[in-house]
Amino acid sequence: MCPLGSACGYKKVNGCKFFKTVCGKELPSTNSVLNYVNNGFGFVFENGKRLKGLELINAGYYDMLDIDEKWITKENHKIQRECYQNHTQYVNKEKIKVALDSLEYPIYHLDFETFPCPLPRFRGEHPYTQSPFEFSLHIETKPGVCDIEKDHVVFLAKTMNDEREELIKCLLEHVDVHKGTLFAQNVSFEKGRIKELASIFPKYQKDLMCLYNRSFDLLWIINNRKEFYQEKGFKGKDLETFNFYDERLSGSFSIKKTLPVFSSLSYKDLDVKNGTEAIIVYANYNRMSKEEFDKNYQALITYCTQDTWSMVLILQALRALIM
C-alpha cells in the first residue's frame, strides 16, 4: 500500500472508492483513530513528533485504543477513550438539566429539506441557495407532551415551481412567534433558511425573524456550547467537555448517530434515508409517473417527519437520563 498523503480523496465530495477496501481497510468501521473529535492537530508522541490524520494510518495506528493514554491531553478525547474502552456512558447531568430547564414551551421541532441548485431558480436566490421545498414540525406543548400525528404539521411542495410563500404561510400558521422555542439539530441551518426567506419575502419578515430569535440547538444539550453554559455559571472543564457521550457515537453527534443511542427508531428501512436522497427524489418530480410520484411524495413526508420526531424522542430520553 502506498503511503497516504495530501492527494488522498477520502474526504472529498465524491470520496474515494478504494479507501475502505484498500488504503483504509485496517481501520475499524467505528471508533477508529480518525474518530477523535476536533483533532486536526493530531497527537504529540514521546519523541516530540506530531502525527495527524492520514499520518496516523501510515504509522500503523488504526483503532482509538492504539493511541497511548499518555499522548491524550484533551478532556473530550479522554472521555471518548474511556467510554470506548470500558463500554460506559459519560453524562454531565447538571449541564443537561440546566439546558432542559431553559427551554420555553411549546417547543417547535423543525426540519427543512432544501434543494441547492447551482443556478438560482426563484426570485431572490443565489447560486447554490438552499431553497426550502419541505418542512416537518412537531409541536411539544409541555415536557414529553407531543403526539407523532396529532401534534405534527408537514409542508411539501407538489411541484418544482416556486412554493416558498405557501411554505412560509403554513409554518407561520402553526407557530406562535412570540413564545416557545425553535428547536433543531444544527439549528443554524434552519435559522439560515428562515433569515433568507425573511429577506426575500419582506411581508413576513417581522414574524419570521421573531421565530429566528427564539432558537435552541439539540447539540447544545448533548454536545456542548461554551457561551451558553458560561452564562449559566459553569466554569473550567465543564465549559470544554461533552454533556453526553456513548461509544456508539464514534465521534459524531449527527442525528443518525444519536438516535440509535436513545431510541430503537431507525432510518434504514425508509425509502428515503437521508437528505441527499430527498434532494434526488425532489429533483426528479417531473420524470415520475403519477404512481411513482405518489409513492415518492409520501416517502419524502415520512423521512422529514422522522427527523423531527427523532428530536422529540431524544429529548424524552435525556429527561429520563437525568432523573
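A short reminder: the numbers here are calculations on the coordinates, not readings from a lab. Here the structure is a predicted model, which is why all the values come from computation and not from measurement. Please note: Cβ atoms are built from the backbone with ideal geometry, for glycine as well, and neighbour counts cover all protein chains shown.
Report, in listed order, any pair from LYS52/LYS273; LYS70/LYS235; LYS20/LYS78; LYS97/LYS191; LYS93/LYS237 with a Cα-Cα distance greater than 23 Å.
LYS52/LYS273; LYS70/LYS235; LYS20/LYS78; LYS97/LYS191
Order 246-256, 286-296 from most to least packed using the mean count of other Cβ atoms within 10 Å.
The peptides rank, most packed first, as 246-256, 286-296.
Based on Cβ point charges of +1 for Lys and Arg and -1 for Asp and Glu, what charge dipole magnitude is obtained for region 29-147 about its Cα centre, in debye rounded to the nearest 20?
Taking the Cα centre of region 29-147 as origin, the dipole is about 360 debye.
Please compute the contact order of region 130-276 in relative form: average sequence separation of alpha-carbon pairs under 8 Å and at least six residues apart, divided by the residue count, as a percent.
Result for region 130-276 is 16 percent.
First measure r as the distance between the Cβ atoms of ASP66 and LYS203, then evaluate 1/(1 + (r/R0)^6) with R0 = 45 Å and state the FRET efficiency to the nearest 0.05.
Efficiency at R0 = 45 Å is approximately 0.20.
Report relative contact order for the chain in percent, whole number only (criteria: Cα-Cα under 8 Å, sequence separation at least 6).
Taking the mean separation of contacting Cα pairs over the length of the chain, I get 20 percent.
P(r) of the chain in 10 Å steps, Cα pairs, percent per bin?
5, 22, 28, 26, 15, 4, 0
Rounded to the nearest 500 deg cm²/dmol, what is the calculated helix-only ellipticity per residue at 222 nm for the chain, with -39500 (n - 2.57) per DSSP H run of length n ≥ 4?
Value at 222 nm, helices only, nearest 500: -11000 deg cm²/dmol.
Can you put TRP71, TRP220 in order, fewest other beta carbons within 10 Å first?
Lowest count first: TRP71, TRP220.
So which helices of the chain fit the span-like rule, where a helix is a whole DSSP H run, its Cα atoms reach 30 Å or more along the axis, and its mean Kyte-Doolittle is at least 1.6?
For the chain, where a helix must reach 30 Å along its axis and average at least 1.6, there are no hits.
Taking the Cα-to-Cβ direction at LYS295 and at LEU239 and moving 7 Å from each Cα, how far apart do the two end points lie in nm?
Going from the LYS295 label point to the LEU239 one covers 5.6 nm.
Using the beta-carbon distance between GLU227 and PHE41 and R0 = 22 Å, what value does 1/(1 + (r/R0)^6) give for FRET efficiency, to the nearest 0.05?
Once the sixth-power term is evaluated, E becomes 0.45.
Taking the highest mean first, how do the peptides 155-163, 92-100, 304-312 order by number of other beta carbon atoms within 10 angstrom per residue?
304-312, 92-100, 155-163
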